[in-house]
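The values are calculated or read from the model by the stated rules, or taken from the named source; none is laboratory data. All values derive from a computational prediction rather than experimental measurement. All Cβ positions, even for glycine, are placed from backbone atoms using ideal geometry, and neighbour counts span all protein chains on display. Note: accessible area is taken over every heavy atom of the protein model, side chains too, but ligands, DNA and RNA are not part of it. Shrake-Rupley method; radii C 1.70, N 1.55, O 1.52, S 1.80 Å.
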Amino acid sequence: MDKKELAEFLRRRREMLRPRDVGLVEGARRRTQGLRREEVAQLAGMSTDYYARLEQQRAPQPSVQITAALARALRLTLDERDHLFALIGHNAPARFHRSEHVSPTLMRVLDRLDDCPALVTTDLVDTLAMNPLAVALLGDQMRHTGLASSGYYRWFMDPAERLVYPEETHESHGRAQAARLRAALTAGSDTPRAARILAELQEHSPEFVRMWELQEVARYGDCKTILHPELGRIDVDAQLLYTENRAQTLVVLTTRPGTESHSKLELLSVIGHQQLTP
């Protein structure tokens, strides 16, 4: 526990907050810059004396529960929360929290993307949202339910999943899926569900077992060629935008201007789901 740095960090964060930032009434004769010590203590559910001793470098190490309460009271970002835990001498909680609710920030970006395919996924590759061009390029990935809503599960259990990717990339793509599942299993948003997917794949997919035994770990697998059933190969670059806790990812697929792939994507944006051939 770094008492000196902790005291300074708490004091500076307290001074940066205004009462209205935390739902408190700001009086007309207020002389304190930022929140008062007793206000932080009230928000964190601790005694004012104990909080004061933290800022005075005289308090014993707070528990994990008190540390989390302080982070909430001071409205810390995840980076600031992790820093607070480190100063106090605790391991920071995992950043992943599974939610079917799409991050409002990612949705605002997705809503403005109409000239390139974009979708929001979880760390288990559950697709939570897609723009129309992504549906036209990749098909509706939100229709799946149960374990099959995970792209990891579908890759090894549903042959149709592979039709979107060139056959020569299947080996590398499969290894990337296994490597990403390993990362999700140890530090993901829903480790029990990841464990169920793992058990099913180990029982039913020898290919997965072979790739799993490679002990590879990754957070993202990149496949740069998509096979459209009527337009053929489309080469794309993937740009990723994460939520602050990295529980959800906005994947934006772009093509290089002047290329055949760019022309195909422009055509797809016009025709959407319409068939090009009888």
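Values for this structure:
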item: Among residues of region 83-98, those that are over 10 Å from the mean Cα position of the chain (by Cα), modelled with pLDDT under 85 and open to solvent by less than 50 Å² (accessible area, probe 1.4 Å), counted; result: 1
item: Test result for residue 106, touching a residue at least 24 places away in the same chain (Cβ under 8 Å), within 30 Å of residue 269 (Cβ to Cβ), part of a loop (DSSP other than H, G, I, E, B) and of a type in the set (A, V, I, L, M, F, W, C); result: no
item: Elements of type helices (runs of 4 or more DSSP H) contained in region 19-76, each with 2 or more residues being among the hydrophobic types (A, V, I, L, M, F, W, C) and free of Cβ contacts under 8 Å to residues at least 40 places away in the same chain; result: 37-44, 64-73
item: Total residues in region 60-82, condition at pLDDT below 90 and open to solvent by less than 20 Å² (accessible area, probe 1.4 Å); result: 4
item: Enumeration of residues in region 112-129 that are assigned to a loop (DSSP other than H, G, I, E, B), closer than 18 Å to residue 236 by Cα and open to solvent by less than 10 Å² (accessible area, probe 1.4 Å); result: 117
item: Condition broken by residue 239, with the remaining ones in (1) farther than 21 Å from residue 125 by Cα; (2) at pLDDT below 95 satisfied; result: (1)
item: Only listed residue being part of a helix (DSSP H, G or I) and of a type outside the set (S, T, N, Q), chosen from 265, 253; result: 265
item: Listing of helices (runs of 4 or more DSSP H) fully contained in region 130-243 that carry 2 or more residues being among the hydroxyl-bearing types (Ser, Thr, Tyr) and either open to solvent by less than 50 Å² (accessible area, probe 1.4 Å) or in contact with a His (Cβ under 7 Å, 6 or more places away or on another chain) (or both); result: 151-157
